[in-house]
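Q: Sharing a structure, written as structure tokens. Questions coming.
Every read-out reported here was derived from the displayed coordinates using simple, explicitly stated rules and does not represent laboratory data. Predicted, not measured: the structure shown is a model, and the values here were computed from it. As a convention, Cβ positions derive from the backbone with ideal geometry for all residues, glycine included, and neighbour counts pool all protein chains shown.
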Amino acid sequence: MFSVLLVTFLIRPTQSFGLLTRAKYTTQPLDLKTRQQDELRLVTNMFVDSFWRGKVGGGAKELTESQNRTLQAQQYAEFRKRYSRSGLNSQLLLCKTSNGIITGCAGVEVDTVSTFAEGYEPRNGGSLWAQITGNDIPAKPEGRWDTKMKYAPLMSNLVVSRQFRRKGLAEKLVADVENVCLDWGYDECYLYVEKRNIPAVKLYQKLGYKTIWQDDKAKTLIPTKKGDLKSGSTIILCMKKQLTSRGKSYFSWPF
Ligand SMILES: CC(C)(COP(=O)(O)OP(=O)(O)OC[C@H]1O[C@@H](n2cnc3c(N)ncnc32)[C@H](O)[C@@H]1OP(=O)(O)O)[C@@H](O)C(=O)NCCC(=O)NCCS
């Protein structure tokens, strides 16, 4: 009996130490100089698997080889185009474990954003339909870009790898993106999200983003179960957050 207790006592500290030692996650910008190609490939793999596989709106649970190849090529080209240019206001933040596994990413760049509808112009001009449905989100502004668009930071390509979800990593990535916006001298951040993407919409609402307009006639790419990639209809929300103070984390945080 005594030896059983002794063994238990001796083992327990090691076990609880194991439980207390949580993984440490860090965020850092895509390494443009030394590891650009490697990092881009790795983040592209993670993104295609985490975003395009099982995409909301009827996406395939598994991607066929051909879907995978096409999406990898498109995504890689998009990342290169957006985030490989030095000197411009564009950045891709990578979230990694302490041993270098990429667990998520989020991009931000200064781009043109439609903002005219903010705060006024009720949907359909305040029509009876708007009153009946109670949908007072303004429609996407149309027309001359110079009166309705402005340059502002736009967050995009936020993804967390499946096995690392619901640990608060997306919240941290968004906080880091917001800090980048503040560093660039902006006090606001915009994003586009599909209305039916409930996890993402809930995340943004939780973090203080408000819908400023919606586009009912938007299109999105969907990898189908049949193995092709088709364009499907969707509703896109444009959300905005007024940034007041720096987020809790900045490029590194221990859990
Ligand atoms: C959306 C996504 C980025 C969330 O990542 P995550 O690291 O799991 O999110 P977090 O752990 O930081 O969760 C923060 C909040 O988001 C919301 N949320 C996240 N996942 C959710 C889910 N499956 N259902 C409902 N709400 C969810 C919750 O409000 C949550 O807060 P809570 O834990 O207090 O309830 C992740 O699901 C993902 O990569 N999805 C696929 C890619 C995608 O849709 N990206 C958004 C493009 S606009």
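Q: Can you tell me the FRET efficiency between Lys61 and Ile235 if r is taken as the Cβ-Cβ distance and R0 is 22 Å, rounded to the nearest 0.05?
A: On the way: r = 23 Å, r/R0 = 1.06.
Step by step, r from the Cβ atoms, then E = 0.40.
Q: Over 18 Å between C-alpha atoms is what I'm after, so list which of Lys150/Lys240; Lys96/Lys202; Lys24/Lys96; Lys172/Lys202 land there.
A: Details: Lys150/Lys240 13 Å; Lys96/Lys202 24 Å; Lys24/Lys96 8 Å; Lys172/Lys202 15 Å.
Cα-Cα > 18 Å for Lys96/Lys202; rest within.
Q: Got a sec? How would Val110, Val193 order by Cβ neighbour count within 10 Å, fewest to most? Before the final figure, lay out each step's value.
A: Values: Val110 15, Val193 21.
The order, fewest Cβ neighbours first, is Val110, Val193.
Q: Next question. Quick check: residue separation of Arg165 and Lys206 times 0.36 nm, minus the Cα distance between them. What number comes out in nm?
A: On the way: separation 41, 0.36 × 41 = 14.76 nm, distance 1.60 nm.
This chain segment gains 13.2 nm when fully extended.
Q: Return Leu169, Leu237, Leu88 ranked ascending by Cβ neighbour count within 10 Å, so the fewest neighbours appear first. Present the calculation step by step, with values, prior to reporting the outcome.
A: On the way: Leu169 20, Leu237 23, Leu88 11.
Result, fewest neighbours first: Leu88, Leu169, Leu237.
Q: Would you mind estimating how fast segment 166-255 diffuses translationally, via Stokes-Einstein at 4 °C and 1.567 mPa s with the Kirkwood radius over Cα pairs, in µm²/s? Provide the component values of the computation, followed by the final result.
A: On the way: Rh = 14.8 Å.
It diffuses with D of about 88 µm²/s by this estimate.
Q: Net charge near Glu62: determine it from the other residues with C-beta under 15 Å of the C-beta of Glu62, scoring Lys and Arg +1 and Asp and Glu -1.
A: Values: positive: Arg53, Lys55, Lys61, Arg69, Arg162, Lys225, Lys226; negative: Asp49, Glu65, Asp228.
Cβ neighbours under 15 Å give a net charge of +4.
Q: Here is a follow-up. Modelling each spin label as a point 7 Å along the Cα-to-Cβ direction, I'd like the Arg196/Ala218 distance in nm, to one decimal.
A: 1.3
Q: I've got another one for you. Which of the residue pairs Lys61/Lys230; Lys195/Lys230; Lys81/Lys148; Lys148/Lys217; Lys195/Lys226 have a Cα-Cα distance greater than 23 Å in the structure shown? Write out the running numbers ahead of the final one.
A: Values: Lys61/Lys230 15 Å; Lys195/Lys230 19 Å; Lys81/Lys148 26 Å; Lys148/Lys217 18 Å; Lys195/Lys226 25 Å.
Cα-Cα > 23 Å for Lys81/Lys148; Lys195/Lys226; rest within.
Q: Starting from the Cα-Cα distance between Asp183 and Gln28, subtract it from 0.36 nm times their residue separation and give me the gain in nm to one decimal.
A: Working: separation 155, 0.36 × 155 = 55.80 nm, distance 1.47 nm.
Length gained between Asp183 and Gln28: 54.3 nm.
Q: Related question: Using a basic spin-label model with each label point 7 Å from the Cα along Cα→Cβ, how many nm lie between Thr112 and Glu78?
A: It works out to 2.0 nm between the two label points.
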